[in-house]
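Chemist: One structure coming up, written as structure tokens, with questions to follow.
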Amino acid sequence: MLRDISSLFWSEEVFNGAKIRDYSKGEGVNPKDFEKQIWEYDTLFVLKEFSDLDLFFKGGTCVQSLLLLNFQRFSIDLDFNIETKYRTNEFILSKFRELNKKLEEKNLLIPASDTKYKKRSSEDLVYGKFYPRYSDEISGTVTFARVFMSKVESRNMELVYRDDLVKKKILSGIFNHILVQVNIKHQPPALKWGLEDIKLRIHKYPEYEKELQFKCVSLGDLFADKLIAFRNRKEFKDLYDLGMMVKIIKDLDIETSKQKINQIFGDTAMIQDVVKAIEFSLKNKEYSRYMPALPKEVAPSIMDRMFYTKLIDVIEGI
């Protein structure tokens, strides 16, 4: 008998294509992104239970988990810092090989050859597995892709991966995937952290009300990280996250952000670069290009100049 999606964290009824399409239509997002968020929960659970790594959740998806559900965007990658004395690519690769082995032993990996997609898949396609993709020596980040059987994707996909982070291989078949990025450079992994409830936008629906806690870097750490990210790449998603964090940030969080920026840069001179970039974005109405990808509830806020001026006030206080 051909096997279907296997998950320790979710029941099979959760992976219902019609339901995913219906809910994603109501949210105004691509069904593939809605499906990815289901697997984000599953992947966080797997990493917590089986990875044997001291991971600290951070990045855009972590930020969304701190916001009210209706104000979250669909962030679809998982980013982590790590506490370990072994800060090498080889160490991270070895730990993810061990993780894949544990998932195989738990019968949570499904070779595509055991499914109805076997004739359309490469021999190395295994659903639920983590595949190394690349490393960024400057940022200290190692990136993996976790592939999974899709209920909303029917066309052949290709994915580049590198078992040793050097030699390129091509994975092909019918699948969806999320990226998992582990930064081995950041030390300490967080100035402050806490065990937080992870509630992403799909949590609005009864089928996806699964409870999960994970170690997260603090709001102050996240705000500093987003300031640096926006300064470096000028992406609107970072500006959106910063503006939304202003709604929940406290004075102690701002002090943590200031401490972190000083620790990295030696001072806070880079703050003016961020302010200028925000003013440029507002002047040129950069937000207008991204409105279709954002929650309907936030449209009035994003078009309101106060969204940006309040953010600038907070940033200039750092």
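The values are calculated or read from the model by the stated rules, or taken from the named source; none is laboratory data. The shown structure was predicted, so the numbers you read here are calculated from the model rather than taken from an experiment. Here Cβ is always computed from backbone atoms with ideal geometry, including for glycine, and neighbour counts include all displayed protein chains.
Chemist: May I ask you to list pairs of residues, at least six apart or on different chains, whose Cβ atoms are under 6 Å apart, with the first in segment 38-65 being over 24 Å from residue 5 (Cβ atoms) and the second being modelled with pLDDT of 95 or more and among the small types (Gly, Ala, Ser)?
Modeler: 56/190
Chemist: Search segment 209-225 for residues being crowded, with 24+ Cβ neighbours inside 10 Å and charged (D, E, K, R), and hand back the single one that is nearest to residue 287 (Cα to Cα).
Modeler: 225
Chemist: Scan segment 93-140 residue by residue and report those that are surrounded by fewer than 18 Cβ atoms within 10 Å (Cβ to Cβ), among the β-branched types (Val, Ile, Thr) and in a strand (DSSP E or B).
Modeler: Within segment 93-140, none qualify.
Chemist: Within segment 252-267, how many residues are more than 20 Å from residue 139 (Cα to Cα) and either among the β-branched types (Val, Ile, Thr) or crowded, with 18+ Cβ neighbours inside 10 Å (or both)?
Modeler: Qualifying residue count for the region: 3.
Chemist: Next up: Would you mention how many residues in segment 98-121 are in contact with an Asp or Glu (Cβ under 9 Å, 6 or more places away or on another chain) and more than 20 Å from residue 39 (Cβ to Cβ)?
Modeler: 2
Chemist: Here is a further query. Cβ-Cβ below 7 Å, separation at least six or inter-chain, first residue in segment 282-294 and in the same structural domain as residue 307 (by TED's automatic domain parsing), second among the aliphatic types (A, V, I, L, M): which pairs?
Modeler: Listed pairs, sorted by first residue: 287/302; 287/303; 291/299; 291/302; 294/302.
Chemist: Are any residues in segment 245-276 closer than 23 Å to residue 61 by Cα, touching a Leu at 6+ places or on another chain (Cβ under 8 Å), assigned to a helix (DSSP H, G or I) and aliphatic (A, V, I, L, M), and if so, which ones?
Modeler: Listed by number, the residues that qualify are 245, 246, 261, 274.
Chemist: Also, I was wondering about something else. State yes or no: is residue 10 among the aromatic types (Phe, Trp, Tyr) and either closer than 18 Å to residue 294 by Cα or not in a helix (DSSP H, G or I) (or both)?
Modeler: yes
Chemist: Looking only at segment 183-200, count how many residues are out of contact with any Asp or Glu (no Cβ under 8 Å at 6 or more places or on another chain), part of a strand (DSSP E or B) and either surrounded by 16 or more Cβ atoms within 10 Å (Cβ to Cβ) or in contact (Cβ under 8 Å) with a residue 60 or more places away in the chain (or both).
Modeler: 1
Chemist: Moving to a separate point now. Only one of (1) modelled with pLDDT of 95 or more; (2) under 29 Å from residue 186 (Cα atoms); (3) among the acidic types (Asp, Glu) fails for residue 22. Which number is that?
Modeler: With (1) modelled with pLDDT of 95 or more; (2) under 29 Å from residue 186 (Cα atoms); (3) among the acidic types (Asp, Glu) applied to residue 22, the lone miss is (2).
Chemist: Looking at the structure I just gave you, is residue 220 assigned to a helix (DSSP H, G or I) and among the small types (Gly, Ala, Ser)?
Modeler: yes
Chemist: Looking only at segment 88-104, decide whether some residue is over 29 Å from residue 156 (Cβ atoms), aromatic (Phe, Trp, Tyr) and modelled with pLDDT of 95 or more.
Modeler: There is at least one residue in segment 88-104 that is over 29 Å from residue 156 (Cβ atoms), aromatic (Phe, Trp, Tyr) and modelled with pLDDT of 95 or more.
Chemist: Could you list, in sequence order, all residues of segment 17-41 that are within 23 Å of residue 111 (Cβ to Cβ) and not charged (D, E, K, R)?
Modeler: If the condition is that a residue be within 23 Å of residue 111 (Cβ to Cβ) and not charged (D, E, K, R), then 17, 38, 39 are the ones that fit.
Chemist: Among 103, 47, 125, 109, which is in the same structural domain as residue 149 (by TED's automatic domain parsing) and under 20 Å from the mean Cα position of the chain (by Cα)?
Modeler: Exactly one residue qualifies, and that residue is 47.
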